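The values are calculated or read from the model by the stated rules, or taken from the named source; none is laboratory data. Everything numeric here is computed off the predicted structure, so don't read it as measured data. Cβ coordinates were reconstructed from backbone atoms using ideal geometry, including for glycine residues, and neighbour counts include every protein chain displayed. Note: areas computed on protein heavy atoms with side chains; ligands, DNA, RNA excluded. Shrake-Rupley method; radii C 1.70, N 1.55, O 1.52, S 1.80 Å.
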Amino acid sequence: MHRPYQRIQRRKSRVVKVGSVSIGGDNQIAVQTMTNTLTSNAKDTIAQIERSAKLGVDIVRVSIPDKESSNSLKEIVKHSPVPIVADIHFHYKRGIEAANNGASCIRINPGNIGSIDRIKEVIKAAKDNNCSIRVGVNAGSLEKQILEKYSEPTPEALVESAKLNIKILEDNDFTNFKISVKSSDIFMSINAYEQLAKLCDYPLHLGITEAGGKRTGSIKSSIGIGNLLLRGIGDTIRISLSDEPEEEVRVGFEILKSLGLRNRGVKIISCPSCARQQFEVIKTVKNLEKKLDDISTPITVSIIGCVVNGPGEATMTNIGITGGGNDTHMIYLDGKKNNVVKNVDLENYLEEIIRKKTKELELNQ
């Protein structure tokens, strides 16, 4: 069907393994999320991971605040369908335990992990367990000496912290890592990532930290992460929302799909609707998005309420509907007029033909 007008030229980075997932190089940009259950409650945490996995998440991070959580990691890793990243703050021993208990990656924030000797112990545990590391620099928890130098978080401060910790890892003969330089400020994040992208070839994990609730956070993340992705910067992404992990996954994929960087599931092209609409476009789209959440095969669907743009959009999608008068609507398949439907339950009808078309596409892959 319709091809992107322009393709993004991605920055070339080295490849890092997070369990079975390859990050960087020519590998697809990975979508990550983070659980918000108590990690010590393995049952609830696994259930949340499985729900995210059904939506296509590639990697899931879990917080390890205490020994009970690191012990629970054994059970979580055993049942998780995707690689697990252990999120470590303050307690370096939790990092060592996480590596020993099966984490595929350890996320450490060097600003609060402690002395270099403690970081070295975490590195050794990662080496011994074939575990990668993410250096997670954050504007809210920079090293004391860097804050004293710059007085406040700045892009340069974030990058200096990243450089400092890259050196520590490299001095310990460890290169199986990726880096992030996150801030809740979009401009600071973009500037820091741009600087870092020029200084090293390690994979970069993108995110706008503490982005906010579903609407605010999605917008901030789309602007910040999307801006960097357009420049070819970024190898993994996480959308930080005050919402459920599943919503982070949905938004992450939508950002990548809109830029032609990932192509998963149903992509709906729909009009905002107006007085010309011949059926309830908004209700139809909302309900179909929920009903079709489980589809992973890429398929494009145009749902347009009238004939102004409907036929044109339909020529560029796998399935299209254009609203017509007297409850009579035109259905398009593979860009061509196929049939007219009249007085039907559009939601159920469209779901049925979308699922049928999806199966056809799966057979032809």
For this session: Specify the angular offset, from 0 to 90 degrees and rounded to the nearest 10, of the alpha carbon long axis of helix 67-79 from the longest principal axis of the alpha carbons in the chain.
Result: 40
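Could you order Arg14, Arg61 by accessible surface area, starting with the largest, using a probe radius of 1.4 Å?
Details: Arg14 80, Arg61 15 Å².
Descending order: Arg14, Arg61.
Can you tell me how the range 204-266 classifies by the Cα gyration tensor, rounded, prolate or oblate, using a/c under 1.5 as the rounded cut? Write down the numbers at each step before the final one.
On the way: a/c = 1.82, a/b = 1.23, b/c = 1.49.
Cα axes put the range 204-266 in the oblate bin.
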Problem set entry | Projected label distance in nm at Arg276 and Arg51, using a 7 Å step from Cα toward the beta-carbon | 4.0
Seminar exercise, completed: For the chain, dividing by residue count, accessible area per residue (probe 1.4 Å) in Å² works out to 47
For this session: Just subtract the alpha-carbon distance of Glu170 and Asn338 from 0.36 nm times their residue separation and send over the number in nm, one decimal.
Result: 54.4 nm
Seminar exercise, completed: To the nearest 0.05, the calculated FRET efficiency linking Asn41 and Arg7 through their beta-carbon distance, R0 being 45 Å, is 0.55
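Given a Förster distance of 30 angstrom, what is the FRET efficiency for Lys17 paired with Glu156, based on the Cβ-Cβ distance and rounded to 0.05?
Values: r = 31 Å, r/R0 = 1.03.
So, using R0 = 30 Å, E works out to roughly 0.45.
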Exercise. Label points 7 Å out from Cα along the Cβ direction at Arg355 and Glu75: separation in nm?
Worked result: 3.5
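Only Cα pairs under 8 Å and at least 6 apart count here; give the relative contact order of the chain as a rounded whole percent. All intermediate terms of the calculation are to be shown ahead of the outcome.
Numbers: 746 pairs, mean separation 50.3, N = 365.
Relative contact order of the chain: 14 percent.
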Problem set entry | Between 0 and 90°, nearest 10: helix 245-258 axis offset from the chain longest Cα axis | 70
Problem set entry | Sequence of Cys131, Cys200 from largest to smallest accessible area, 1.4 Å probe | Cys200, Cys131
Problem set entry | Helix axis angle, 155-171 relative to the chain longest principal axis, alpha carbon, degrees | 60
Exercise. How would His89, His79, His329 rank on accessible area, largest to smallest, probe 1.4 Å?
Worked result: His79, His89, His329
Seminar exercise, completed: So Thr315 and Leu230, fully extended at 0.36 nm per residue minus their Cα-Cα distance, gain in nm 27.9 nm
Problem set entry | Spacing of the two label points (7 Å from each Cα toward its C-beta) at Leu259 and Glu194, in nm | 1.4
For this session: Give me the percent of the accessible area of the range 245-365 that comes from carbon and sulfur atoms, probe 1.4 Å, all protein chains in place.
Result: 49
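Applying 1/(1 + (r/R0)^6) with R0 = 22 Å to the Cβ-Cβ distance of Arg215 and Lys291, what FRET efficiency is obtained, to the nearest 0.05? Please report the intermediate quantities before stating the final value.
On the way: r = 22 Å, r/R0 = 1.01.
Rounded to the nearest 0.05, the efficiency is 0.50.
In debye, nearest 20: dipole of the chain around its Cα centre with unit charges on the Cβ of K, R (+) and D, E (-)? Numbers along the way, then the final one.
On the way: 51 positive and 44 negative charges, 146 e Å.
The calculated dipole for the chain is roughly 700 debye.
Hey, any idea what % of the range 31-92's accessible area is carbon plus sulfur with a 1.4 Å probe? It would help to have the intermediate numbers written out before the result.
Values: 1390 of 2640 Å².
Answer for the range 31-92 is 52 percent, counting heavy atoms of protein chains only.
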